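Here is the structure we will look at.
Just so you know, all these numbers are worked out from the coordinates, no wet-lab data involved. Just so we're clear, the structure is a prediction, and the values are computed from it rather than from any experiment. A quick note on method: Cβ atoms are made from the backbone with ideal geometry, for glycine too, and the neighbour counts reach across all protein chains shown.
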Amino acid sequence: MKQKIEALRSRLNALNYKYYVEANPDISDYEYDMLLKELQELEAQHPEYDDPNSPTKRVGSDLVNTFSSVVHKFPMLSLSNTYSLEELRAFVDRIEREEGPTEFVCELKFDGTAISIIYVNGRLERAVTRGDGTRGDDVTTNIRTIRTVPLVLRGDNVPEYVEMRGEVIMPHASFRRLNAEREEAGEPLFANPRNAAAGTIKLQNSAEVARRGLDCFLYYMVGDKLPFATHWENLEAARSWGLKISDRMQRCTTWEEIESYITRTDALRLELPYDTDGAVIKVNDYSVRHRLGATAKAPRWAVAYKFKAEQALSRLLSVDFQVGRTGAITPVANLEPVRLSGTIVKRASLHNADQIALLDVRLGDMVYVEKGGEIIPKITGVELSEREDESTPFEYITHCPECGSELVRIEGEAKHYCPNSDGCAPQIVGRIIHFISRKAMNIEGLGEETAELLYTSGLVRNVADLYSLRPQQIASLPRMGLRSAEKIMQQLESSKSVPFARVLFALGIRFVGETTAKYLASHFRSLDAIMNATEQELAEADEVGEKIASSIRAYFTNESNLAIINRLREVGLQFEEGEQSRLSSQLEGVSIVISGSFVRHSREELKALIEQHGGKNLAAVSGATDYLLAGDKIGPAKLQKANKLGVKIISESDFEQMIVGVPSVADIGEEDRKTTHQSEKIAVQGELF
Ligand code: IVH
């Protein structure tokens, strides 16, 4: 038994790490909760094996070193949860036994990452992640980029100090867009919107955070002096201050009302534009909350009822292996058609070899399929009771199903790759399709099908061949005429003026997506500079880490890539960042030094803006500097020098005002709102409750 307990502890510790530190959990919440429950029960039965370091004794931590860590004034507790209506009923009954008839508030359980946002005198002061519940990471700069989070509260009863607790979520639309971009760049996809939200809130570059389209719901007010004595009224007050509070909350006084809220929510959630994984039932009155108190981990006045993800059971008929343009292999399951959340599912993702091994999925098995925020359903488990006796473990392929090359596995990556990038058809066709796509060279009239035909007919073996095509050759393809051929020729011709950043993206270097290509182009300004840069120099550009840098180096050491690049250069594609077209002369003769990190623009963007408006960007503060554009975490030496030399220090918004006509992403209107202090406050003791 001791062994079993220890095995569970180490498995849960490993899972906690994946969940909290890497924000990339291996298994579903349900499976995790079941393992935790099993351990809790065993520990209760065997107190002799007690261990203060057991995962049941602490909440996970998502602290990441690079953010400054902050102690929560009021700890951020978790919620106890249940999957059973009986247990929920027992929770309600227990409270009514102790407290008499009680009013509850039922809410959605948002599936994102918890956040605490502190407002002082109505102004956003700080935003902190949950961390280990006692201390979290200061992610204020990132939270400020969320459009629905007001920077200044409005109204006349705003407390001097209030903490709003809530959930940062990534709506489905943002999630799909982000994953599509990552897929295009050959980057690993986020498994679900929760991971994407948790990963995004920890990004170093807040401009990238802003682009990803997060949202935030607030569901709990904490403070020494709150305006009202009930949760409901406080949230209504918060709503009136401009905070985003869900309108799907309900006050309930009977079990029937609670049960019906849950049934309705379970059905409703499929239609919501964001993920929810349950309902939260909370006592409304703060004084009742105070009497009920809390355990070390969770309040005794609230509980989460978690929905099981909708599942279907179907037979696994076969597994296809798709080869992407980067050579990555993706196993896809073919299933007996089955109905799931209103659609018929025939195919489901199996992710990679590790996932297949972890689930021990075998051909002919009855498997569970689930749909999350993702478009493609996934296989989450096997019904072992229905397994045929003669079934054998699934053997992952060792060779490319398309070209027969032996597959390789790059250390630290989950996927297998076909290394034959120059001779494997789907990789070549994939690269051509990527090259001509809208966000890359944008060759209209040349679709995926034609690209494939051009390849199979032997006319085009790589992207450079596109520029040697003659109209007659294109016209000879099925469903093509001379007119459409001429149009394609025209498109190819005009693609020669496509800006360098898009050309760089079009090359299809692994991990170099649209955004990274822009950063690289504005940092290095020419393809030659990128080709000559060392890995270390590459990693100095915004948003380029070691992994991307090494992939770029690998791309430019490949002989056939170099040959293609030479031909594209001869054809006349843009291999240099063109002289930025002047937007204005507002900054003519003005020299600006940039320091720190900014909310609405990356440093590269600010640099480009300075130049586009006729100004000069200098690296160091000197007598020749007119302004120091100061962001968060500005270098102290620069600040000191600027002060000494009397250099004017300006903020990002000051800068935005200097360059007329540049729209600011910030909701500037928020700043203008008047802040007045609350007139009436009800002091609630025991802040937490
Ligand atoms: S109240 C002390 N309300 O669920 C109680 N939490 O599994 C504070 N969550 O850490 C939490 N929706 O991140 C509350 N309507 C809601 C929620 C909610 C999602 C999250 C929250 C919490 C986790 C616990």
**Asked** What number, in percent, do you get for the relative contact order of the chain if the mean sequence gap of Cα pairs under 8 Å and at least 6 apart is divided by its residue count?
**Response** 13 percent
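Full extension from ARG347 to GLU444: what is 0.36 nm times the residue separation minus their Cα-Cα distance, to one decimal in nm?
On the way: separation 97, 0.36 × 97 = 34.92 nm, distance 3.08 nm.
So the chain would gain 31.8 nm between ARG347 and GLU444.
Relative to the present Cα-Cα distance, how much length would full extension add between ALA475 and ASN558 at 0.36 nm per residue of separation? Please report the intermediate quantities before stating the final value.
On the way: separation 83, 0.36 × 83 = 29.88 nm, distance 3.32 nm.
Taking 0.36 nm per residue and subtracting the Cα distance, the gain is 26.6 nm.
About the Cα centre of the chain, how large is the charge dipole given +1 on each Lys and Arg Cβ and -1 on each Asp and Glu Cβ? Please answer in debye to the nearest 20. Write out the running numbers ahead of the final one.
Numbers: 83 positive and 102 negative charges, 310 e Å.
Around 1480 debye, computed over the chain.
How do 630-637, 586-593 rank on mean C-beta neighbours within 10 Å, highest first? Show your work: numbers first, answer last.
Details: 630-637: 14.6, 586-593: 17.1.
Ranking the peptides 630-637, 586-593 by packing returns 586-593, 630-637.
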**Message:** Amide H of SER80 versus every other amide H placed in the peptide plane: which residues, excluding those fewer than 5 positions away on the same chain, fall under 5 Å?
**Reply:** ALA304
**Complete:** Descending packing, highest mean Cβ count within 10 Å first, for 614-625, 405-416, 218-229 is 218-229, 614-625, 405-416
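What FRET efficiency do you get for GLN40 and THR263 if R0 is 25 Å and r is their Cβ-Cβ distance, rounded to the nearest 0.05?
Details: r = 28 Å, r/R0 = 1.13.
Rounded to the nearest 0.05, the efficiency is 0.30.
Could you list VAL158, VAL332 in order of exposure, starting from the residue whose Cβ has the fewest other Cβ atoms within 10 Å?
Numbers: VAL158 24, VAL332 15.
Lowest to highest Cβ neighbour count: VAL332, VAL158.
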**Asked** Which of the peptides 106-113, 178-185 is most tightly packed, and how do the rest follow, going by the mean number of other Cβ atoms within 10 Å of each residue?
**Response** 106-113, 178-185
**Item:** Within straight-line cross-link reach of LYS2, aspartates and glutamates at Cα separation under 12 Å, skipping those fewer than 8 residues along the same chain
**Value:** GLU43, GLU48, ASP50, ASP51
**Item:** Length added when fully stretched, GLU181-LYS616, from 0.36 nm per residue minus Cα-Cα
**Value:** 153.3 nm
**Item:** ³J(HN,Hα), Karplus 6.51/-1.76/1.60, whole Hz, each residue of region 348-359, x for Gly, Pro
**Value:** 8, 7, 10, 6, 6, 4, 4, 5, 5, 5, 4, 7
**Asked** Using modelled amide H (1.01 Å from N, peptide plane; none on Pro or chain starts), what sits under 5 Å from the amide H of TYR219, excluding residues fewer than 5 places away?
**Response** ARG165, GLY166, GLU167
**Message:** Using a 7 Å offset from Cα along Cα-Cβ at ASP33, what residues in region 90-110 end up with backbone N under 16 Å from the label point?
**Reply:** 90-92, 107-110
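Please report the antiparallel percentage of the DSSP beta bridges confined to the chain, to the nearest 5.
Values: 73 of 88 bridges.
Of the beta bridges lying entirely in the chain, close to 85 percent run antiparallel.
In the chain, which helices (entire DSSP H runs) extend 30 Å or more along their own long axis, judged by Cα positions, while averaging at least 1.0 on the Kyte-Doolittle scale? Can you show the working numbers first?
Details: long enough: none.
Helix filter hits for the chain: none.
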**Asked** Along the positive direction of the dipole of the chain (beta-carbon charges: Lys, Arg +1; Asp, Glu -1; about the Cα centre), which of GLY223, THR140, LEU39 reaches farthest?
**Response** THR140
**Asked** By a straight-distance test (C-alpha under 21 Å), which lysines pair with LYS487 as possible cross-link partners, with residues fewer than eight away in the same chain excluded?
**Response** LYS439, LYS496
**Prompt:** Among the Cys residues of the chain, which have no other cysteine Cβ under 4.7 angstrom away?
**Reply:** CYS106, CYS216, CYS252
**Request:** Please give every one of the aspartates and glutamates within straight-line cross-link reach of LYS547, meaning a C-alpha to C-alpha distance under 20 Å, and leave out same-chain neighbours fewer than 8 residues apart.
**Result:** GLU22, GLU181, GLU183, GLU184, GLU187, GLU208, GLU411, GLU413, GLU514, GLU535, GLU537
**Complete:** Contact order relative to length for region 441-497, counting C-alpha pairs under 8 Å separated by 6 or more residues, stands in percent at 42 percent
**Prompt:** With each run of n ≥ 4 DSSP H residues scored as -39500 (n - 2.57), what mean residue ellipticity at 222 nm is computed for the chain after dividing by its residue count and rounding to the nearest 500 deg cm²/dmol?
**Reply:** -10000 deg cm²/dmol
